[in-house]
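No value in this document is a laboratory result; all are computed from the given coordinates. The shown structure was predicted, so the numbers you read here are calculated from the model rather than taken from an experiment. Neighbour counts run over all protein chains shown; Cβ positions are idealised from the backbone, glycine included.
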Amino acid sequence: MGESASHFRLDAASVSFGKVDALDRVSISIDPGERVAIVGPSGGGKTTLLRLLNGIVRPSAGSVTALGEALGSLPAERLREVRSRIGFIHQHLALVPNLRVVQNVISGKLGRRGLLRSMRDFLFPGSADLEQIHAILERVGIAEKLYERTDRLSGGQQQRVAIARALFQEPLALLADEPVSSVDPARARDTVSLLTELSEEDGLTLCMSLHNIELASEFFPRIVGLRAGRVLFDSSPASLEPSAMRELFDLSPGEALKA
Amino acid sequence: MAKRLDQNLGSRRLLLLGIVAAGVLALVQLGITPGEMIPSDASGAGVGKFFLAALTPATGADTLLIAARAALTTLRFAALATAISVVGGFVLGFLGSTAWWPPGARRNPLRLGALVATRALITFMRSVHELLWAVLFLTAIGFSATAGVIAIAIPFIGTFAKIFSEMIDEAPRAAADALGASGASPLRVYLFGLLPLALPDILAYILYRFECALRASAVIGFFGIPTLGQYIKLAFEDLNYPVVWTYLYMLIAMVIIFDLWSGSARRRIAH
């Protein structure tokens, strides 16, 4: 299998928005079941990298492979298939606030079910789905909120709904974009811990962007440092050089210009 | 910043002045003088008689029965026309909106062409008033109940389509993008990521338009369908003003009752 054994693979992938290079020849490979934290200052390209991995953003140069498919040239239909196997937890949750929790969660399966089935799911969810959703909500700790309107939930609870929606996709991999930025600091640790636990239990590949390098070191065996669109380091937290960390968050303007 | 505010204020003043000037110009062009607005003695007497009859509407059992029946017919026509318009409005509103388009679709000339064609059709449908459609049907194919419903439905479909597509395009995009990122097709993104967000506003607007449909349905009666308008017209021709007023009160009562109900319904939808 060789190359195709990895879940995600970037080969010298660049992304530019107009004149700005968001990512500059980034190469990384993530194996199935691996847990990777992408750390770095904001604006360093973390979100763009995650969006590259499920084809929301297409590379302007280089190649992206996800779940064995080269995303760059994939027709829309096949791209949707790949995406339906990748759960993406968005920074700002991206739920429909005036729907019930169960409806938000069930829409995780929209990518894999027919239109009529999806309509039925939405209005009259089947009992098998309800059981599965209830079980997922139990895992994320909000089982009693199944029929609650989503906007009546606290920020932390809404984040659990977003996680549940991604899990209901029955994904092979989870991508989480700064999941701690939408909850208060006290909850941040819980959220990271929950996501790593869930991925471990289900054997999912987890790739999470994080601003907080301490959290990353605590929960992830592999950390990728991203600054100004370039990979500064890619290593285990134990072998991470203090100088590399300093360089990652160094805010001197000269440094930023050089990068 | 302050300078820009001043400029805005300036352009607003200019707009207001422009509107007033256009109004004065229109009066002059149409040759309307204040004197003309006061009716002559003869027509003044007619007008006085008409408004005096408002105090003594006909209350005979026959008249009331006809009024009730005509009100029911008016309601039926309005409901049917609104129902057709909502369906048509959803279809054209979907085709006339761009929020559900997959990224990059804006560069597709076929899509853009279809969008422009749809929006042109929507504009055409709603720029011709329902009464004008009724006249067209009357002269082209003769008037029937179906023609009456269609005459109301055409401009209503256009209005619904325009408003629905705007509401959809203005809904927050985050949830739609998230569904797209999990592999949902554009139609599903529209149905489950955008429509639910716009639905409360859409429902409130449908209720509001139903009130307009009630009035339209009554007026279309002048063209020969048995809604309140037809009976008002007949009574008018007989100069039977008390009866005219009974029907007018019936129409007003219908609108008020519906408004009271829809007001509370709209509040429930909003929460």
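Close amide H pairs (under 5 Å, H built 1.01 Å from N) link A:Phe88 with A:Leu175, residues at least 5 positions away or on another chain.
Peptide B:171-180 has a mean shielding of 6, counted as Cβ atoms of other protein chains within 10 Å of each residue's Cβ. For the pair B:Ala114 and B:Ala61 in one chain, pulling the backbone fully straight at 0.36 nm per residue adds 13.5 nm over the alpha carbon distance. The residues packed around A:Leu194, meaning those with a beta-carbon under 9 Å from its beta-carbon, carry a net charge of 0 if Lys and Arg are +1 and Asp and Glu are -1.
Of the peptides A:155-163, A:229-237, the order by per-residue mean of other Cβ atoms within 10 Å, starting with the highest, comes out as A:155-163, A:229-237. Counting Cβ atoms of other protein chains within 10 Å of each residue's Cβ and taking the mean over peptide B:193-203 gives 2.
Arranged from fewest to most other beta-carbon atoms within 10 Å of their beta carbon, A:Arg227, B:Arg268, B:Arg215 become B:Arg268, B:Arg215, A:Arg227.
Taking 22 Å as the limit for the C-alpha separation, the pairs B:Lys49/B:Lys233; A:Lys46/A:Lys109; A:Lys109/B:Lys162 exceed it in the case of A:Lys46/A:Lys109; A:Lys109/B:Lys162.
Restricting segment B:145-242 to GluC sites (Glu not before Pro) that sit in a DSSP loop and have at most 13 other Cβ atoms within 10 Å of their own Cβ leaves nothing. B:Ile256 to A:Phe124: FRET efficiency via 1/(1 + (r/R0)^6), r the Cβ-Cβ distance, R0 45 Å, to the nearest 0.05? Step by step, r from the Cβ atoms, then E = 0.75.
Relative contact order of segment B:1-150: 19 percent, from C-alpha pairs under 8 Å at least 6 residues apart in sequence.
Over the residues of chain B, the helix contribution to mean residue ellipticity at 222 nm works out to -26500 deg cm²/dmol, using -39500 (n - 2.57) for each DSSP H run of at least 4.
Specify whether the C-alpha gyration tensor of segment A:22-95 places it in the rounded, prolate or oblate class, a ≥ b ≥ c being the square roots of the eigenvalues: rounded for a/c under 1.5, otherwise prolate if a/b is larger than b/c and oblate if not. Verdict is rounded for segment A:22-95.
Residue by residue along A:107-116, Cβ atoms of other protein chains within 10 Å of the local Cβ number 5 on average. Amide H contacts of A:Ala70 (H built 1.01 Å from N, in plane; Pro and chain starts excluded): no residue 5 or more places away or on another chain comes under 5 Å. Remark: segment B:161-166, residue by residue, has Karplus-estimated 3J(HN,Hα) of 4, 5, 5, 4, 5, 5 Hz, where x stands for each Gly or Pro and the curve is 6.51 cos²θ - 1.76 cosθ + 1.60 at θ = phi - 60°. Per-residue ellipticity at 222 nm computed for chain A from its helices equals -11000 deg cm²/dmol, with DSSP H segments shorter than 4 residues left out and the rest contributing -39,500 (n - 2.57).
Just subtract the alpha-carbon distance of B:Phe51 and B:Val87 from 0.36 nm times their residue separation and send over the number in nm, one decimal. Full-extension gain reported as 8.9 nm. A:Gly87 sits among other residues whose Cβ lies under 10 Å from its own Cβ, and their net charge, with Lys and Arg +1 and Asp and Glu -1, is +2.
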